[in-house]
Amino acid sequence: MKRSMSVVLASVLSASAWGADLLTVYRDALQNDAQFMAAKAAREAGQEKAVQGRAGLLPGIGLSASTSWNTNTYTGTDRDFNANAYGAELRQPVFNQANWAQFRQGQLQTALADMEFEAARQDVIVRVAERYFAVLNARDTVTSLRTLREAAARQLELARKSFEVGTVTVTDVHEAQSRFDLTSAQVIAAENTLEVARQSLAQVTGKAPEVLNGLRDGASLTRPQPDDIVQWVEAAREHSTGVQIQQIATRIAEREVSRNRAGHLPTLDVVARYNQNDAGGSSFASGRSETTSRSVGLELNVPLFQGGAVSSRTREAAALLTKAEADLDDAQRTAALAARQSYLGVTSGLAQVKALEAARVSSLSALEANRLGYEVGVRINIDVLNAQSQLADAEQQLAKARYDTLVAQLRLKAAAGALSEDDVAQINALLDAQAR
């Protein structure tokens, strides 16, 4: 029993130690994000458009029945009787251009729902990554500022002792106190920012945020593949989900024009009818009247004039088609711009990371040199405090540049319509439970 309890406790502690990674959070969002759930429901609703469009090409069957109480008066004599009727009708469209256009529209509307769902899925990846790395960035900022506050506290204590023995002036003490108080205030603000970031992530996952795995120290960030901005721009103009959505919307608008123009065309249906009428005592000559009729034939309907409604709806649909074409052009330009921005975000981010890594090394060396100089009396207290702040700032900027670059990689894939769970897994491989 003790062994079993130990195994269970070890499992719990192990799970707690590992925390959550980007892939886990993404899968949680797929189950709990309200926006994605709404998109999923919208897709299910969109699947019915194809069924509804196909219905206009299939036969329709209807039943009818009626009953009435009647009174006839003939030469002063009243006769009361009950009349019953029932019938069935089957109508199969043979030629109906409007229904064919609506059938094609239904197929396109279903495809549109699928593409909108795909856009929502890719959007979940980007939103999760943005909020996940926002938490990591805020957490790194808190850690860096706490370290800076501890260093400022040590420097303050050293300044006080040096002032007591007369090796520094009271100005050094005041400067150290000021820097410690300022850093303490920054820590409080950073902790608030961290909590807001955690709750923002919880909004997507639908549950309290866990301890998140951080970016592994020395993780290698790669350049986009292919490493050609022109190829990414062209891919975005053709395959971006926003572009594909607008392409389908334009085709739907084309079918709408055809459907409305078909209002001028005749329709032809095969119609089969069966009717039964029973009127007991409806005639003074006989006590009962019962008739049965059956018919099968073609029914042609030719619209001649409908008050100008058909022409008006056709002009409206044509104008909406022009709008859809303009929206498609705008979607292509927007996708191209997004691809350019994301590509440059990745490449410039990589350059920033390399520069900031060098800056962190230089800042650390400068801090060590200033500490040594302070000990031997060639540097003053403010020099050490400034060096500490410079190192903390370099570390914060480096962390942010890394996170921004990773998010830019996902945005670049999304701009080209190629973002998938595999891309999440690739970035997830750069995370480490020990970097928390």
Filter the range 192-237 down to residues that are aliphatic (A, V, I, L, M) and touching a strand residue (DSSP E or B) at 6+ places or on another chain (Cβ under 9 Å) and give me whichever is farthest from ASP28 (Cα to Cα).
-> ALA219
Within the range 112-162, residues over 16 Å from ASN428 (Cβ atoms) and touching a strand residue (DSSP E or B) at 6+ places or on another chain (Cβ under 9 Å) come out as ARG139, ASP140
Tell me, yes or no, whether the range 226-244 has at least one residue that is surrounded by 15 or more Cβ atoms within 10 Å (Cβ to Cβ), touching a Ser or Thr at 6+ places or on another chain (Cβ under 7 Å) and at pLDDT 95 or above.
-> yes
Test for GLN426: is it buried (at least 20 other Cβ atoms within 10 Å of the Cβ) and under 26 Å from VAL243 (Cβ atoms) = no
May I ask you to verify whether ALA351 is of a type in the set (Gly, Ala, Ser) and under 25 Å from THR183 (Cα atoms)?
-> no
Quick one: is ASP330 in contact with a Phe, Trp or Tyr (Cβ under 8 Å, 6 or more places away or on another chain) and either of a type outside the set (A, V, I, L, M, F, W, C) or not assigned by TED's automatic domain parsing to the domain that holds ALA401 (or both)?
-> no
Since LEU412 meets every condition but one in (1) in contact with a Phe, Trp or Tyr (Cβ under 7 Å, 6 or more places away or on another chain); (2) of a type outside the set (Val, Ile, Thr); (3) free of Cβ contacts under 8 Å to residues at least 40 places away in the same chain, which condition does it not meet?
-> (3)
Assess whether ASP432 counts as being of a type outside the set (Ser, Thr, Tyr), at pLDDT below 90, over 19 Å from GLU357 (Cα atoms) and surrounded by fewer than 17 Cβ atoms within 10 Å (Cβ to Cβ).
-> yes
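Rundown of residues vs (1) among the charged types (D, E, K, R); (2) within 21 Å of ASP140 (Cα to Cα), yes/no style:
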position: ALA359; (1), (2): no, yes
position: LEU367; (1), (2): no, yes
position: ASN381; (1), (2): no, no
position: GLN390; (1), (2): no, yes
position: ARG402; (1), (2): yes, yes
position: THR405; (1), (2): no, yes
position: LEU410; (1), (2): no, no
position: ALA414; (1), (2): no, no
State the number of residues belonging to the range 51-88 that are surrounded by 12 or more Cβ atoms within 10 Å (Cβ to Cβ), assigned to a strand (DSSP E or B) and either assigned by TED's automatic domain parsing to the domain that holds TRP100 or touching a Leu at 6+ places or on another chain (Cβ under 8 Å) (or both).
-> 4
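For (1) at pLDDT below 95; (2) among the β-branched types (Val, Ile, Thr), each residue gets a yes or a no:
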| site | (1), (2) |
| --- | --- |
| SER342 | no, no |
| ALA358 | yes, no |
| GLU368 | yes, no |
| ILE380 | yes, yes |
| ASP404 | no, no |
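Here's the yes/no breakdown for (1) in contact with a strand residue (DSSP E or B) (Cβ under 9 Å, 6 or more places away or on another chain); (2) assigned to a helix (DSSP H, G or I):
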residue	(1), (2)
SER362	no, yes
GLU375	no, yes
LEU385	no, yes
LEU391	no, yes
GLN396	no, yes
ALA399	yes, yes
THR405	no, yes
ARG411	no, yes
GLY417	no, no
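Would you confirm, using the coordinates I've provided, whether PHE36 is assigned by TED's automatic domain parsing to the domain that holds ALA279, of a type in the set (Phe, Trp, Tyr) and touching a residue at least 24 places away in the same chain (Cβ under 8 Å)?
no
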If we scan the range 417-431, do we find a residue that is closer than 30 Å to GLN332 by Cβ and in contact with a Phe, Trp or Tyr (Cβ under 6 Å, 6 or more places away or on another chain)?
-> yes
What residue, of ASP172, ASP123, ASP140, ASP181, is surrounded by 16 or more Cβ atoms within 10 Å (Cβ to Cβ), assigned by TED's automatic domain parsing to the domain that holds ALA42, among the acidic types (Asp, Glu) and out of contact with any Ser or Thr (no Cβ under 9 Å at 6 or more places or on another chain)?
-> ASP140
Can you tell me which residue in the range 38-50 is farthest from GLN92 (Cα to Cα), limited to those that are surrounded by 15 or more Cβ atoms within 10 Å (Cβ to Cβ) and of a type in the set (A, V, I, L, M)?
-> ALA39
Do we have any residue at all in the range 192-208 that's among the β-branched types (Val, Ile, Thr) and crowded, with 19+ Cβ neighbours inside 10 Å?
-> yes
Out of GLY307, GLY345, GLY297, GLY349, which single residue is of a type in the set (Gly, Ala, Ser) and closer than 30 Å to SER66 by Cβ?
-> GLY297
Test: residue in the range 389-397 that is of a type in the set (Asp, Glu) and touching a Phe, Trp or Tyr at 6+ places or on another chain (Cβ under 8 Å) | no
Being of a type outside the set (Gly, Ala, Ser) and either within 30 Å of LEU431 (Cα to Cα) or free of Cβ contacts under 8 Å to residues at least 40 places away in the same chain (or both), is that true of even one residue in the range 78-97?
-> yes
Test: GLY206 is under 27 Å from VAL346 (Cα atoms) and at pLDDT below 95 = no
Taking the stated definitions as given, is GLU421 in the same structural domain as THR141 (by TED's automatic domain parsing) and closer than 18 Å to GLU130 by Cα?
-> yes
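The values are calculated or read from the model by the stated rules, or taken from the named source; none is laboratory data. It should be emphasised that the depicted structure is a prediction, and the values quoted were computed from it without experimental measurement. Cβ: placed from backbone, ideal geometry, glycine included. Neighbour counts: every protein chain shown.
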